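Structure first, then comments.
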Amino acid sequence: MKKSDRVSFRTILVVTGLLFLLLVLTTVISNTIVFIGIKSGILDMRPESRLLPFLIQAGIISILTGTLLSLILSRFPMRSVQKLIRAIHRVAEGHFDTKISLKHPKEFRELSDCFNQMTDELAGIEILRSDFINNFSHEFRTPIMSILGFARLIKRGNLSEEEKNEYLDIIISESRRLSELSSQVLNLSKVESLTLLTDLSVFNAGEQIREAILQLEQKWNSRNISFDLEIEDVKVRGNRSLLKEVWVNLIDNAIKFSPKNSIISISAYSNGKDMVFAIEDRGEGMDEATCDKIFDKFYQGDTSHATEGNGLGLSLVRKIVELHHGSIKVKSQPGRGSIFVVMLPLEG
């Protein structure tokens, strides 16, 4: 017999025993009342009266019947308890996709809902952990080895002041890249572990897009990039902080791939059903094969910009848009720039 089965059987015995004691106590009390009634003359105790034997027989039958019923009835709630115990054992073994469905009584239904919510959270944490470990070994090694290599060169000495400053600048640059990479990996892992959005609110997405442009002012200013804007005030319902990541990543991506002294076009409007956001750069564009892979994690079609990013931004953008029941598409041709179009349901 399994341990869980022994626990369940012991629980059934305890519940049955308590019910049995309750029935015995009830019978004793009822017989005491009868005894008092006989002594006081309220009840007939003459030999020819069959009241006393009848009461004794009724008491015995009530005890046996009650015991049998308690054994039968106690198994119904125990089935739900057994199901819960089995599910807990599966979770303890690492099966975080385990779900239970208990309908009655109300308390058991609430218990199953809480249990399922718990396993969803545990599954999300497990995805976050495994994804971070996999991504760490996949992408973090290059900047770490670069920092280590140049640090060793500086430690050896025999370097000119110019060489030393150059190597220190590389170490600072790689350290910053490593910090940004770890932050992006964590953000993406957290978003990928989500199944439902929280902290939803209705807000002006047009205003948020304008804020994202201002947030990146230093980047587009340094490249002398200007904007052609047609941004309407459109209200959407979503997670404000996550959607901010969408606009910032797409605008930052357009700046990165735009030539200096160029124009980026951004529009945002309502088509009656969805909010439409479109951003167009005048960069080198992409072929069809690159467009098909552009949303994959760590994919960078243009390796000349590899030091400026990590290939995680568009993966993060797509996941956030999908969580909001929206869509994102890219249109591009070599030498003709790229257009990214995001569609999100309106506030209703």
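At least 1 residues that are more than 24 Å from SER315 (Cα to Cα), among the polar types (S, T, N, Q) and at pLDDT 90 or above in each: list the strands (runs of 3 or more DSSP E) lying fully within the range 203-287 that qualify. It would help to see each step written out before you state the result.
Numbers: elements: 226-231, 235-239, 263-270, 274-280.
Those strands (runs of 3 or more DSSP E) span 226-231, 263-270.
Name the residue, out of SER327, SER304, SER315, that is modelled with pLDDT of 85 or more, on the phi < 0 side of the Ramachandran plot and of a type in the set (Ser, Thr, Tyr).
Working: SER304 fails: modelled with pLDDT of 85 or more; SER315 fails: modelled with pLDDT of 85 or more.
None of the others qualify; the one that does is SER327.
Go through the range 232-282 and report how many residues are in contact with a helix residue (DSSP H, G or I) (Cβ under 6 Å, 6 or more places away or on another chain) and at positive phi. Counting residues in the range 232-282 that are in contact with a helix residue (DSSP H, G or I) (Cβ under 6 Å, 6 or more places away or on another chain) and at positive phi gives 0. If you go through the range 189-202 one residue at a time, how many are at pLDDT below 70, part of a loop (DSSP other than H, G, I, E, B) and of a type outside the set (S, T, N, Q)? Summing the residues that are at pLDDT below 70, part of a loop (DSSP other than H, G, I, E, B) and of a type outside the set (S, T, N, Q) in the range 189-202 gives 2.
Any chance you could count how many residues in the range 171-188 are surrounded by 13 or more Cβ atoms within 10 Å (Cβ to Cβ) and either modelled with pLDDT of 85 or more or assigned by TED's automatic domain parsing to the domain that holds PHE295 (or both)? Number of matching residues: 2.
For the condition modelled with pLDDT under 80, outside the structural domain of SER270 (by TED's automatic domain parsing) and of a type in the set (A, V, I, L, M, F, W, C), LEU168 does not qualify.
The values are calculated or read from the model by the stated rules, or taken from the named source; none is laboratory data. Since the structure is predicted, the reported quantities are computational estimates derived from the model, not experimental observations. Positions of Cβ are backbone-derived with ideal geometry, glycine not excepted, and every protein chain shown enters the neighbour counts.
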